[in-house]
Every structure is written in structure tokens, then in C-alpha cells.
1. Condition first: without any contact (Cβ under 8 Å) to a residue 24 or more places away in the chain and not β-branched (Val, Ile, Thr). Can you find one or more residues in region B:361-372 that meet it?
2. Could you check, for region C:46-69, whether at least one of its residues is more than 30 Å from C:Phe487 (Cα to Cα), among the hydrophobic types (A, V, I, L, M, F, W, C) and without any contact (Cβ under 8 Å) to a residue 60 or more places away in the chain?
3. In region C:193-224, which residues are assigned to a loop (DSSP other than H, G, I, E, B) and more than 20 Å from B:Asn378 (Cα to Cα)?
4. So for region C:442-454 (the condition being among the hydrophobic types (A, V, I, L, M, F, W, C), modelled with pLDDT of 75 or more, under 27 Å from C:Thr58 (Cβ atoms) and surrounded by fewer than 18 Cβ atoms within 10 Å (Cβ to Cβ)), does at least one residue qualify?
5. If you go through region D:36-45, how many residues are facing chain B (nearest Cβ under 9 Å) and farther than 15 Å from C:Ile610 by Cβ?
6. Hey, B:Leu124 hits all of (1) more than 7 Å from every other protein chain (Cβ to nearest Cβ); (2) free of Cβ contacts under 8 Å to residues at least 12 places away in the same chain; (3) aliphatic (A, V, I, L, M) but one; which does it fall short on?
7. Inspect region C:404-414 for any residue being among the aromatic types (Phe, Trp, Tyr), surrounded by fewer than 19 Cβ atoms within 10 Å (Cβ to Cβ) and over 18 Å from C:Thr329 (Cα atoms) and give the result as yes or no.
Amino acid sequence: MIDKIFYVLSALTIISATLVIISRHPIRSILFLVLTFFLVSAHYVLLNAQFLALVNIVVYAGAIMVLFLFVVMFLNLNEEMVEVKSYLPWFAAVISGGSLMLIVTSALEKAVLTSPQLVSNYNIGLVENLGSVLYREYLLPMELSAVLFFIAMAGVMLLGRKERISE
Amino acid sequence: MLSMIVLTVAGVLALFLGFTKTKSLILPVAMLGVLASAAAYYFYQSLWGEWLLGMMGTFGSPSVFVGLLLACTFVILPFLNVYKLRGGGELGDFTGIILFSVIGGMMMVSHQDLMILFLGIEILSIAMYILAGADRRVIQSNEAAIKYFIMGAFASAIFLFGVGLYYVSTGSFKIFDVKIIAPELYSISILVLFAGLAFKLALAPFHFWAPDVYQGAPTIFTAVMATLVKIAGFGALFQLFRYHAGFVSEWIYWMMILLALLSMLIGNIMAFSQTSVKRLLSYSGIVQAGFILIGFLHTRIENTWMVAYYLVAYVLASLASFFVIYFVENKKGSDDIGEFKGLYYQNPVLAVVFTIALVSFGGVPLTAGFMAKLFVLNHAAGFGSPALVLVSLVLAVASMYYYFKLINQFYTSDESGVKSWDISWGYKGMLIVLSVLTLFLGLYPYGIYPWIS
Amino acid sequence: MNSEFLIHLILWAPLVGFAINGIFGSSFSGKTAGFIACLGPLTGFVSTVLLWSGFDQTIQINYYRWFGTPDSFSVDFSVMVDQLTLLMLFIVTGVGTLIHLYSVGYMEHDKGFVRFMSYLNLFIFSMLLLVMGSNLVMLFAGWEGVGLCSFLLIGFWYKNPDYNKAARKAFVMNRIGDLGFMLGIFLLGLEFRTLDIPTLLSSMEHIESGDPKIILITILLFIGVTGKSAQIPLFTWLPDAMAGPTPVSALIHAATMVTAGIYLVARMSGLFNLAPFTLDVIAWVGLATAFVAATIALRQNDIKKVLAYSTVSQLGFMAVALGCAAYSTAIFHVMTHAFFKALLFLGAGSVIHGLHGEQDISKMGGLRNAMKSTHLVFLIGTLAIAGVPPLAGFFSKDEILAAAFSHSIWYFVILALTAVLTAWYMFRLYFATFHGSYRGSKETEAGIHESGLVMLAPLFVLAFLSVVGGFAGMPETISSKHLVSDFLKPVVADHAHSVSHSFEYILWGVTLVLLVLIVWLTNKMYSVNSAEVFRSGSGWVGRILEGKYYLDEIYETLISGPLRSTGTWFKNVMDPGVIDQAVKLPGLVFRNAGVALRPLQSGIISWYMISIVLGLLAMIYLFLF
Amino acid sequence: MENQIPEIFNAIPHTHYVLLSTILFVVGLIGVMIRKNVIIVFMCIEIMLNAVNLMLTSTSAYYSHAGGQIMVFFTMAVAAAEVAVGLAIIVMIYKNLHSTNIDVFQRLKG
């Protein structure tokens, strides 16, 4: 049962991601991207990572995609863009993407990944577990990511401000 | 940790001072912050262990590279003053962003965990995307920002893919005590991580963004990109391979040789026919990065000094040349090679400083650049790759051609009738100090040996 | 005085002069700056004399440990003075002082006077570093330093784009030579784990003669020599470098810098003796250079160009001496050549000065009346270089001929022929300049004037030296004491040469007869009133020589079309044009490759990202599969 | 949920998840290379980040190692910061050039 769910979900995820990159219409791309995020969240639920599933929907589908949508609307880009018809980049992209996939696949084939002794706790994805790990083991990156937001904040203010030149 | 807190506080202060009327305080505060941070780093290192939770290390190479980062920032900060002209609000932003980006750099050079490395790269890169686009009404600057941003984000995604594969193949983000579960996947992950870092370092064939971005970005920030990012990137690479040298096999050695050669070759070839000096120097930066990479063959903690010495030589010359370009560009409105004609007659200090910087890039004896190349090539010869030494020597000599073509311009008398002009003594003094250091380190490399080993 | 102190003084005085003039020069009057600049080499010269008077053994001074690598390889910042260095010090500081003095007069009206003098000081310092350096890195530092100064000084009058080009040409050719030198040093360092010259030479004892590694190293070093000492194939920069001010031509491109290569080989004579093959190469290159340059000089009309080609030719003589392992002979010729060539250049400078910049000998003539002193010293110089006994050039050239004769008859024949040519073009120059009647315009004739005392004094000193300099090395036929080679014996590993006395006498006799003949012929041909004889068109030989074998024209055709270039290149493979060609080739390749690669840097982000991915994939395929 | 084994760990091998993430990553990669609209290119980069997130989360679950999921947390933080800055840059450039077509940005080249 669960394996069927997995395969259907995976297929849907890939299809929806593909639709993102082949839709001519930016709004459609955004909607498919939101769908992809939901599907990925479903995978998280399957993996017992409820907290991430929730965060994924809130942050990605909620905040980030709304931002995208807002910008697209703001810039009035909700019509098709005339893209130059050239098959060379398609060709190069598909071939290089395909070979990257083949490389990883062939490396995966030789690998024996899960060793049973590693699997001991299946509840790590729950929020109480994650929270304690985050604030105990991973406190340093947690605090340092504040710097990241400082920069983003200062940067957006800087880039958005009108430029004044007083000689 | 304390030093990073100090830097953050200084950065936040700078941001807030930018909103108030007391804008002249920004730079002193920032520079004091850098000094305090350095003091905190070197005098309270013993306190670090409990704070860092094994995620960052201070032993060995990190302390050298952090020192370099802070010193470099200290030199760059006063030059931000030129942005006072444009309504000081931006000065606070720039200062704050640069201070924050140094924290990213510190994370990169002292990481012991890929999580920290990734965060550090992002902090530094996002800061650089913003700085590249700082001249918001100049289309070149806009273009530089978007190019850097799109490609940088793409490279970050690839780097993150490497992190993911690393995690799959080892079950951890730690870069020491590695238990390899899937060797093939592990090799791929190391290669992908390397490629991600090579992008940030502008090593061929991942260098395409560099000339465009360096040319388009405001010159002062080009100097930041050419120095801070390179120091942080090479520091991160050093830390990564210092721990992994034992795990990855021979191929990494050949890969480094290939990338070094490719960078030197492509950088040289492209630099030959450039007319924009910033662009020329960005290609020359690619060549220099190739040379530095030679110092990574068989990365060991004992090699730190060599890489650090090369970086010091490179940073001194880069800062000097980009600042000179800034002043010329500011005066004449373009960085075309023709604008440098007769520079000696217009402003002898700038001409001489730039000459020394270029001569050092080219590796003429008695400059730091010569020593740096000599150490690196000696290292390569010691590991039995005479062909590499031969080719790099030939390329180093070939590079002299375009450096000297530029130098030639400075001393050609110029009929355009541009009057001689002057810059303030503070900047002049800084530039002269950079040149004197270049010469001093060429004459007495041991002057900094105790600091970098 | 303490000899170590003297060495410090010799080395650092010019640098101090450079620093003072470089930093405070703008606030000095011309006289002060000139005085300070002259003080540097003068101090050096006086100290050298003092040092020589109390000299008994090699002195080495280690300033500090310059750099080292973890694998116990280190290089000191150190200088040493032995007999060879001492002799070179005399030349560098002595001739240097005279030329400084001369420049004060020659350049006083130039607005860049102070800058010029400070460059000259810097040059002297670099040259001292070169001859005093006790290890090859020091030597190389000086080597690069003189190259840099030469680059700055050639292009000193940058208003003319030609000068710019000349400066760049000199630069590129020298870099090719330097590359060989650098590789040689690198290999030496790898092989022997030291670059200290005395240590290096003492470790040569265990090495067999003809070791391929040694041959490779010496060939590489010799490539460096061909660049700096203007040997075939890297000689064409030197005549072009005459674009610089005349004192520069005299100091750098005749007396000191170009002899650096000869000095290097003499310095490393122990090493070169182990590579007979390299010595043969040096000899043949020297022969070719001497002959080709002398033939080109026959038809040049620019007074400085004639002297420049003559310099190249004389350097070829020195190289032949080196190739015959007669190192002290080569150094002896370096010394005498420094005297008379500096004299000739400065005399030419005086002529040019007097004629307000005219350099074409077809527009000169009859100057012996207007410029009596210059005429006298120039005549002495001409006699000296032509080899009239008993002037300086006679003895040194005679010695080289003897060495060549004892080595191979072919060397001797070619060299003797070249010596005849030398006399021919020098007397042609002399008669054309000072005899006949003035061929320039009437207005300029009125302005002809003799140079001032500041310029003439050095000329007289040099003329005196050109007369007596040769007695330092009289052949054993005359005197059993050869001052130069006896002095250099402890440091230079000469092979013994001897020729029979009767041969010497025949040689001298023939020389004298030929000289008289040449003087008579050239006087008849070139002491003329019209410029007709200097025009081209006298047969194909003349045209080729006049066109400098068309080196420059061939180069021009090549540049004009990249498409045509390949074809022309093949056409000219057997032609001397290939020389200039080959020198330009790396630049051409790089430039064309740059043009070819530029489309890759298209500015299109998609393409950049594709290339990132392709690069990544290529790396994975190359290294992991 | 007292540490009982979710079915998925028995039914699906870990490699399938890695493969799925790789496919998603490659889809994003292709999108980046072929699309001309900067905003869409940027969205494709988001797909790539998400693919890696999936890889990290699944690996974290299979290895019972919380680090992976913490890393996802940070990746999201980074993505948010990147989006903020990136969209600001895009808006800025749109104000000057009135286009988001990637081929318009060709002034700097050579």
C-alpha cells in the first residue's frame, strides 16, 4: 500500500516540477511550483518528518511563493514571454542533466546505504525532538543564521531605496 | 565566538548609525569593531571550545585565514568613505553588510561542519550580490548584480547538492572522523563540493561570472570581491581538504592540477586583449587563483603558510590596484586602458603604486608576488610535477606582457591635456603602505612567517 | 677602512641616491639632483678602489636569510666580492660614474631630468646586485632589475609611439630569455638543493663532463644569455632600444647590462666547462651573431644604429671567447669594450647634441672642424674598436682570435672576417661623420656647437682608458704577465690556450696591412660631399643589408593579416625573419586564442550556467570514471 | 507513535528517495539552463533546493540522525534570505531595463 502511495506521489512530484519548467505562463509556473512544494511536504509526512512538512508549507508555499506571485503581479509579467526558439540549450540541458542523473544512479547502485544499526529512532522528525537537538547540538548555526537575515534585511533596504546623489 | 559577536554588534551599530545624523562615527566604530574582534579572536581562543560545539575550529589554518580576513577588512573600510558623497545612509548599510560578510568568511575558513560552511558561503555571497548592485542607477552594476545573483544561487544549489550527497554517503555533516558508507557517492560529493567552491573562487571552467561581475560592480566592491571572497574561499577549501586529504585518493591531485592549469591558461589568454582594466585584472585574478591552487596539492596543515603567503601577496596587490582604478575611474569616468595614459604625470603616487602592484602580480623578483610564486612552484616541483612547473612558469612570463602593456601606459606622456590631480593624504598613505608591504615581503618573507604558520 | 663596510657602501649608495631623488626630487634644482645622483656611483667607485687596494680573498656578506622552504632549501640575501666581481665593479661604477656625469650635461634641459637621473641610479643598483649577488636568486633579482630599468629608460621619451614599441619589443625578447634563465635556476635548485654560487661550483667536482642534466641546465641559462646579451636569435631588440636617450644607450646597451650574460657564463664557468656541447653552441651562436650584426652595420645610416649593431657584433666576439672556454678573455673584452663603446656612444651623443638631434650620417660630414674634441675622442674610439695596436681593442680582440684559432680554424676564419668588417663599418662611420663636407641644411650648420665640459670630461677619461686599457692584458709574446687573466685565475676556470709566437706576428702584420687598406678605402668612399653614396640601390647585397635582412618588414607583413601569417611563416622558415617571428609568435598565439575564446564569454547567463554544469560533468567523467 | 517503525522504511529503500531527489534536482537544473525569464530561472533554483531538502530529510529519517532535518531548516532560512535579496535585485533591474529576460543582460561580455 504505502509503496504505491510513494510511487504515485513521486510521479506527481516529478510531473508537477516538469510542468513548472515547461509552462509558458509565469503564473502557471508559480502555481505548479506551489503544488510541487505541497507534494514534497507529503513526502515529509510519509517520512515521519511532520515538523518539516509544516514548515515547508508555511515557509515555501506560504511565504516564498506569495513573494514570487507578488513580484510577478507587481512587474506585470503575467503574460507569456516571447522566448527565442533555440534547441541548442534544450539539447545541452537535457543531455547534461541526464548524464548527471545517470552518474548518481550508477554510484547509488553500487552503494549499500541503510545499515540496520543506524536506524534506531524513528521519531526524530517530531518537533520536540528537533527542537532539543537544534538548541543543543546546532545552537551555533542557529545563532549565526541571524547574521544572514541581518544581511538580507540591510540589503533589501539598500536595494529598494531611491538613490540620492548629493555631490 | 566572542569575535563574531563583536563584529555583529559593530555591524548593527553601523547600520543604526546610518539612520542617525552622526554618520562620521560609522567608520571609526566599524574599524574599532574589527580590531576588537581580532583581539577577541586571538586572546580568548581558549574560551572557544565550549561555544563552538565542534562545529568550528580555531586550530591551525583557520586562525591564519581569520587574521587575513580581518586585516583585509581593516584596510578596505576607510575606502568606503568615498560613499559619503551620496548621502550617508548607504555608508551605514555598506559598512554593516561588509562586517556581516566577514562573519560569513570566518565561518567558511574555520568550519568543521558542512552546515557552517554552507551558511558561511551564503552569508558572504548574499552580501556580495547586494554590493555588486550597489550603484542602483547604473545599468552595468544592475547587470553585475543579477548575473552574480543568479549564477551564485545556482552554484549554491549545486554546492548544496554536494552537501546532500555527502550526507547520504557518510551520514554526517562533520568533515572529520568520516565513516564512509558509499565510496562512489562520497567521491562525487567531494567533487561537487569542490566545484561549488571553485565557482566562488572563479577557477576555470567555473569562472565565467567573474569578469562580467568584476567589471560591472562598483570598483570598491570589486576590491572586496577580489579579496575577501578569495581569502574565505581558499580558507574553506583548505579546511575541507586538510581533513579529507587522507580519504580521497589520487584523483583529487590531478583535478587540482587540471583546474590550476586551465585557470592560468584561460585567464592569461583572455587577459591579452582586454581594454577594460577592471576586466583585465579579473582575468589576472583567475590566473592568480590557479597559482594558489597549486599550493593545495597534497594539502597539509604545514602548507598553510604557503597558501596564506600567496594570498597576502595577492591581496596586497589587488587592493592597491583596484583602489587606484577607483580613483582614476572616479576622475575620468571610465576604466578603459586609455584613461591610464600618462597617469605618472597626473598623479605619480597612483602610478607608482599601481606599477608595484602589477609587477608583483607578474612575479618580478624583490616583490611579494615573486616569492609567492616561487614557494608554490617549489612545492609543485617537490611533488614531482615538473611539467606543471614548466607550464606555469611559461604562463607567468606570458602574463608579464599585459601587465607591462598597462605599465607602459602610465609613463607615456598624454596629450589629452588632463591636468594633474591629487587625492587626499589619507588614501595616499594607505596605498603607499600597501606597496611598501609588497616590497618588504618580497625582500623579507620571514617578516610574516611567524604570523602565518 | 673595513672592507665589509666598503661593500655596504658600494651596494647601497646608488639606492640611497635613487631614493632621495625619487622622493624629494621634485623640490630639487637640476644641479642638486645631478650632484646627488652622481654621488652614488662615485662613492661606489672610490670604495671599489679602496677595496681593491686591500683585497686578498673572497668576501661574502650575509645580510639575512631571505627565504626558505620546509625541505631545508634556503636562500640568503647575501653579496660576495671576489676577483671577477671586483673587475665588474670597476667597470660598472667607473663607467657608470662617467656616464652619470655626462648625463648631467646631456639631459639638463629635459623636463624629466630628475626622473632620468634617479632611474640611472636605480639601474646602477640593480647592476651591482647582479654582479655582487652571491647566489643565483640575487643575481636574477639584479637581472630583472636592470631589465626593468632598461624598459623604463628606453621608453623615457615616450612621446614617440615607436619608442613605446621598441620598449615593448626589448621587454618581450628579454622575457623569453628570462624564462630560460628562470627554468635553469629552478632546475639547478632542484638538482643541487642550493643556489649559492660558491657552494654550487664546489659541488660540481663530482659531476661527469657531458651529463645531460648539466647540458640542459646550461642551455637554459644560455637562453637567458641570448636574451640579455643580444645574441641570435634574440638580438633585434638592442638596435631598436636605441630609441632611448644616448647616455642610456651607452650605459645600459653597450657597457654594462648587455654584458650581464657574458658575466653570468664566466661566473658559472665551472658549470659550463662540464657541458662541452653547450660551449660549442655558445661559440657558434656567437660567431653567427658577430658576423650577421657586422654585415648589417655596414649599411646603416643612423649613427646610433651602427654602434648598436657593432655592440651586438662585439657581444658575439665575447660569446665566441666563452665558447672556447676562454672566460677571462671574454671578461677582458667586456672591459675594453666598455671603455671604447661607451666612448663611441657618448661621442655620438655629443655629435647628436651638437647637431640638435640629427642622427643620420648622410646628413653629417666635416664635423672635425666644428667639434674638435669630439672628433679626437671619436677617432680614438674608432681606432680602439677597429683593433689598431696598441689600443685597448687590439689586445682583447687579438686574444679572442688566438683562442678561436687554437680551438678551430673555422672559428678563426669567420671571426677574422668579422674583425675586418668591424674596421670597415667603423671607419665608414668615422669618415662619414667627421670628414668630407657638411651635407645637412644650411640653417642647421650654423647651430653646430661643441659640447660643454661636463660632457667632454668623461669622454677624455674614456678615451684615455681606451688607449691604455689594453695593457692590462698583453699577450705573452710581449709580456709574460697578463694582468686580467692572472687576476681572475682563482675564480674563473679557463682552458689553456696557446698559439705560436710566429702566428701572432703574422696575425699582427696582416692586421696592420688590412687596416691601412681599409682606412684608405673608406676614406676614399665616404669622405664625400654628397649623400649619394649612402642611398640604397647599390646591388642586392647592399639592399638586403640595408634592410637589416628585412626583419622588420617581414614582421610587418605578418601582422597585417592573420590569414596570410601562417603562409608567410612557412615561407620564411629558412630566413632570419623567423627570429623576430618566433619571438612574436607566443604573443600572436595568445592574442588569436583570446579572439577565438572571446565568444565563450558571451555575457549570456544561460550559457554560463550550462558551462558550469558541463565543467562539473567533465570533471566527474575525467576523474571518477 | 512510540517509536514504532513507519511502514515506509520497510517498503521503500533509501536509494529510491535519493534517486527521486536527484531527478527533481535535475529537473530544476534543466529548467535553469533553458528558461529565459529570470523569475522562472530563480524558481527552478528553488526546485533544486527543495530536491536537496528532500534528500536530506529522507536520509535523516533513514539514518535516524536529526542533523539532516536541521540542515533543511537552515536551507529554508537561506532560501528565504536569497529570495528576499533576489527579488529586490530583480525589481531594481526591472525599474531600469523594463525586462526580466535573461538575454537582455548582455552588456558585460568579452
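The values are calculated or read from the model by the stated rules, or taken from the named source; none is laboratory data. This is a predicted model, so every value here is computed, not measured. Quick reminder, even Gly has a Cβ in these numbers, built from the backbone with ideal geometry, and neighbours come from all protein chains shown.
1. No - not one qualifying residue is present in region B:361-372.
2. For region C:46-69, residues more than 30 Å from C:Phe487 (Cα to Cα), among the hydrophobic types (A, V, I, L, M, F, W, C) and without any contact (Cβ under 8 Å) to a residue 60 or more places away in the chain: present.
3. Going through region C:193-224, the residues assigned to a loop (DSSP other than H, G, I, E, B) turn out to be C:193-195, C:207-211.
Those that are assigned to a loop (DSSP other than H, G, I, E, B) and more than 20 Å from B:Asn378 (Cα to Cα): C:Ile207, C:Glu208, C:Ser209, C:Gly210, C:Asp211.
4. So the first thing to find is which residues in region C:442-454 are among the hydrophobic types (A, V, I, L, M, F, W, C), and the list is C:446, C:448, C:453-454.
Subset that is modelled with pLDDT of 75 or more: C:448, C:453-454.
Those still in the list that are under 27 Å from C:Thr58 (Cβ atoms) too: none.
Within region C:442-454 (the criterion being among the hydrophobic types (A, V, I, L, M, F, W, C), modelled with pLDDT of 75 or more, under 27 Å from C:Thr58 (Cβ atoms) and surrounded by fewer than 18 Cβ atoms within 10 Å (Cβ to Cβ)), the answer is no, since none of the residues qualifies.
5. 2
6. (2)
7. Let us first name the residues in region C:404-414 that are among the aromatic types (Phe, Trp, Tyr), namely C:405, C:410-412.
Among the residues that remain, those that are also surrounded by fewer than 19 Cβ atoms within 10 Å (Cβ to Cβ) are: C:410.
Those still in the list that are over 18 Å from C:Thr329 (Cα atoms) too: C:410.
Checked against the condition, which is being among the aromatic types (Phe, Trp, Tyr), surrounded by fewer than 19 Cβ atoms within 10 Å (Cβ to Cβ) and over 18 Å from C:Thr329 (Cα atoms), region C:404-414 yields at least one hit.
Yes/no matrix, rows are residues, columns are (1) modelled with pLDDT under 90; (2) surrounded by 24 or more Cβ atoms within 10 Å (Cβ to Cβ); (3) part of a strand (DSSP E or B):
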residue: B:Met225; (1), (2), (3): no, yes, no
residue: B:Gly233; (1), (2), (3): no, yes, no
residue: B:Ala236; (1), (2), (3): no, yes, no
residue: B:Tyr243; (1), (2), (3): yes, no, no
residue: B:Leu262; (1), (2), (3): no, no, no
residue: B:Leu280; (1), (2), (3): no, yes, no
residue: B:Val287; (1), (2), (3): no, yes, no
residue: B:Phe291; (1), (2), (3): no, yes, no
